[in-house]
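Okay, structure first, notes after.
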Amino acid sequence: MRPHATLKPDLATPSDPTHSETLVRIRDLHFRRGQRAIFDGIDLDIPRGRITAILGPSGTGKTTLLRLIGAQLAPAAGTVEVDGRDLHRLSLVELYAHRKRMGMLFQSGALLTDLTLFENVAFPLREHTRLPASMLRSLVLMKLEMVGLRGARDLYPRELSGGMARRAALARAIALDPMMILYDEPFSGQDPISMGILVRLIKQLNDALGITSVLVSHDVAETCTIADYIYVLSGAKIVGAGTPEELRAADSPTVRQFMGGLPDGPVPFHFPGKAYLDDLLELPA
Amino acid sequence: MIAMLASLGHRSLDFFKRLGRGSLFLLRVLASLPSLARRPGLVVKQIWATGVLSLVIIVISGAFVGMVLGLQGYNTLVTFGAEESLGLVVATSLLRELGPVVAALLFAGRAGTALTAEIGFMKATEQLSAMEMMAVDPMRRIVAPRFVAAIIAMPLLAAIFTAVGVLGGYFCGVGLLGVDDGSFWSQMQAKVLLIDDVVNGVVIKGLVFGAVISWIAVFEGYDAIPTSEGVSSATTRTVVHSSLAVLGLDFVLTGLMFN
């Protein structure tokens, strides 16, 4: 891809982006939805080959952040660089070439409903490669074996449980051997067993294949067991960052409320509105 | 009064906004058509889904419309002693108007709604989003083949509708009411013109209606609000808008062609 970069390293820029430790670099990111600011100047670095988690209460735009990293949404201001390239300045062709190196695990799984599991995992391979049928079959079976669903290859997505669907979607996300996987709430709505399986799978993929993992979640306990580094997002800002141990010891009231699961605190229990008493006393129009 | 004007203004603004979005969408669809040359299989599969699966309703409706034409045409013509021309009357009315128009209305109800609902559901369940993240452009993989397939299928269905309709008219006129077999066909053979009737009617109208219906159907699906309610109202809009568009365009096309 970049013969010059490897043959003749440019000494003037020692931090060649392709070799830098940081895979995703977000600077001064602003994003609005209507009048509401979702992100108000966020800086965030995601190191290569690690598991980085973004924690935060629901509705803080964690999924939006993933979509910005995947360039499905464009920021109002600021930059999102992945592997040294500003995604929102790429042409559509470049962006699609870039996306082949990213996988995303959707919260719903987002499997193609009219295809079997086998065909779902084969889908990106068929679209982007011209592999002979036998090799394609072996590759798909290897991916399915990794998530423990080789035996379920002829089932349709509607025949799977939620946990199985998510594992199948994971097999599809790693079909093209991406450098990075974005996980959108991988643990929400899972029973304890499939939660444990997913935690182990994410860890395994990260350790064995060196895939950079970005995980957004509100499940504090599970996330802390596997994340190398955590950002806490609240009120359109990053309110805390550090390793799980550092965050547990943090002083910030918002971080403590979130890590400890306290119902009320800097993040209010009540949705903003007028005073309770005024609301009760007001006559209906 | 002011409120009424304001709401009228809002509605027309919304209409033009939507039309603008739809036109931009159409440009994107057209831009992704060349990629289909490498994947003709995708189009063939969709022709099967939109065209072949619509055959039953098209054939049955064609037969009944033709039979009714045979009955009504005979009743009118026989008062002038002109029932020999029944074949001509049935064939021209089917070729020029009823064939393409009724087939298009049925097609909008059968295939157009299916397209909208399918694409809308794929959007609501994040399947389109997932494709984007797998570096597969849903415009090329999902929308473009369906768009082209509907345009190809529509004139073919209109032709089949017309052919079956003529047979239905023949069955009623010749079989039941005793019109002369030879004059039924020979009048048709002598007076029906290839360009004026067949090409103008079935082919051009069929293509235009096919393009409009598939444009509306894929746009409504792609633009649907990704909830079950959003998809259902998008499906309704597909039927309403494409039926109105077909009837309106038919008037314009007829005015241009047969003037």
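Just give me the residues in segment A:235-278 being open to solvent by less than 80 Å² (accessible area, probe 1.4 Å) and assigned to a helix (DSSP H, G or I), in sequence order. Of everything in segment A:235-278, those that are open to solvent by less than 80 Å² (accessible area, probe 1.4 Å) and assigned to a helix (DSSP H, G or I) turn out to be A:Pro244, A:Leu247, A:Thr254, A:Val255, A:Gln257, A:Phe258, A:Met259, A:Gly260.
Results for (1) over 21 Å from the mean Cα position of the chain (by Cα); (2) free of Cβ contacts under 8 Å to residues at least 60 places away in the same chain, shown as yes or no for each residue.
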{"site": "A:Glu145", "(1), (2)": "yes, yes"}
{"site": "A:Gly148", "(1), (2)": "yes, yes"}
{"site": "A:Ala152", "(1), (2)": "yes, yes"}
{"site": "A:Gly162", "(1), (2)": "no, yes"}
{"site": "A:Arg166", "(1), (2)": "no, no"}
{"site": "A:Leu170", "(1), (2)": "no, no"}
{"site": "A:Ile181", "(1), (2)": "no, no"}
{"site": "A:Met195", "(1), (2)": "no, yes"}
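Going through segment A:128-151 one residue at a time, which ones are surrounded by fewer than 18 Cβ atoms within 10 Å (Cβ to Cβ) and either over 26 Å from A:Tyr96 (Cα atoms) or among the acidic types (Asp, Glu) (or both)? Those that are surrounded by fewer than 18 Cβ atoms within 10 Å (Cβ to Cβ) and either over 26 Å from A:Tyr96 (Cα atoms) or among the acidic types (Asp, Glu) (or both): A:Ser134, A:Glu145, A:Gly148, A:Arg150, A:Gly151. Identification of helices (runs of 4 or more DSSP H) wholly contained in segment B:123-220 with 2 or more residues that are under 18 Å from the mean Cα position of the chain (by Cα) yields B:144-170. Which residues, counting only those in segment B:124-136, are more than 13 Å from B:Tyr222 (Cα to Cα) and either more than 7 Å from chain A (Cβ to nearest Cβ) or open to solvent by less than 40 Å² (accessible area, probe 1.4 Å) (or both)? B:Ala130, B:Met131, B:Met133, B:Met134, B:Ala135, B:Val136, listed by residue number.
Out of segment A:73-113, which residues are of a type in the set (S, T, N, Q) and over 18 Å from the mean Cα position of the chain (by Cα)? A:Ser91, A:Thr113, listed by residue number. Quick check on my filter: what residues within segment B:222-259 are touching a residue at least 24 places away in the same chain (Cβ under 8 Å), under 30 Å from B:Leu193 (Cβ atoms) and of a type in the set (S, T, N, Q)? B:Ser242, B:Ser243, B:Thr254 - these are the residues of segment B:222-259 that are touching a residue at least 24 places away in the same chain (Cβ under 8 Å), under 30 Å from B:Leu193 (Cβ atoms) and of a type in the set (S, T, N, Q). Scanning segment B:148-161 finds one or more residues that are away from chain A (no Cβ under 14 Å), open to solvent by 20 Å² or more (accessible area, probe 1.4 Å) and small (Gly, Ala, Ser).
Among the residues of segment B:164-184, those identified as touching a Phe, Trp or Tyr at 6+ places or on another chain (Cβ under 8 Å) and open to solvent by 30 Å² or more (accessible area, probe 1.4 Å) are B:Tyr170, B:Leu177.
Please give the strands (runs of 3 or more DSSP E) falling wholly within segment A:45-132 in which 2 or more residues are within 14 Å of another protein chain (Cβ to nearest Cβ).
Values: elements: A:51-55, A:77-82, A:102-105.
Counting at least 2 such residues, we get A:102-105.
Yes/no matrix, rows are residues, columns are (1) of a type in the set (D, E, K, R); (2) open to solvent by 40 Å² or more (accessible area, probe 1.4 Å):
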| site | (1), (2) |
| --- | --- |
| B:Leu13 | no, yes |
| B:Leu24 | no, yes |
| B:Leu27 | no, yes |
| B:Arg38 | yes, yes |
| B:Gly41 | no, yes |
| B:Lys45 | yes, yes |
| B:Gly66 | no, no |
| B:Leu71 | no, yes |
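Checked against the criterion of being at pLDDT below 95, over 30 Å from B:Ile225 (Cβ atoms) and among the β-branched types (Val, Ile, Thr), the candidates B:Val102, B:Val65, B:Val59, B:Val52 yield just one match: B:Val52.
The values are calculated or read from the model by the stated rules, or taken from the named source; none is laboratory data. As the structure is a prediction and not an experimental result, all values here were calculated from the model. Every residue, glycine as well, gets a Cβ built from its backbone with ideal geometry; the counts of neighbours run over all protein chains shown. All accessible areas refer to the heavy atoms of the entire protein, side chains included, with ligands and DNA or RNA removed. Shrake-Rupley method; radii C 1.70, N 1.55, O 1.52, S 1.80 Å.
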